[in-house]
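Since every read-out is calculated from the coordinates, none of them should be taken as a lab result. Remember, it's a predicted structure, so these values are computed and weren't measured experimentally. Neighbour counts are summed over all protein chains in view; Cβ atoms, including those assigned to glycine, are modelled from backbone coordinates with ideal geometry.
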């Protein structure tokens, strides 16, 4: 069992049954990774004047070493399905639909968590090309910075990881290629070189 989940309800009354289902789904994540540090879940119903045909939204923020994994589950319904959804809401009550949203959100989180674990175990496939990213933060005096990958991850790097001694010439927004390794404190970028530069990796 992971740490107790912080469940927040928006636009609907708090429900012990729904909170219990959230905790139950969260506990399953422990099978994939046993070092989860926090789990926050927001369950949101559409506003009263928008409820026709709009499903529940579920956001999960999962704390793991070195990162926070986020899932924002906002299912969309086709127009012809909206009337059917609203009919089911009236017949079965809101809990049936909110349980489905919770289940699907945690299913997406499991996939993210599995990818994170694969990265920790160096299961990245060797045929992948060196990934690229953009410099997002620089701390020249301290000798480190962060790059942001296309999927929104922010990864730490040290100036010694920048090839050809070009750390002093880096600017926020520069595109770089890099390799990624996992240390005790989480992922960090290595073998960084500026895109377009023919530096060895």
Work out, step by step, the length gained on full extension between residue 103 and residue 24: first 0.36 nm times the residue separation, then minus their alpha carbon distance; give nm to one decimal. 27.4 nm
Run the paramagnetic zone check for residue 68: 7 angstrom along Cα to Cβ, then residues of region 6-41 with backbone nitrogen under 13 Å. 37-41
Sorted by average packing, counted as other Cβ atoms within 10 angstrom per residue and highest first, what order do 36-43, 166-173, 14-21 take? 36-43, 14-21, 166-173
Fully extended contour minus Cα-Cα distance, from residue 11 to residue 160, at 0.36 nm per residue: 48.6 nm
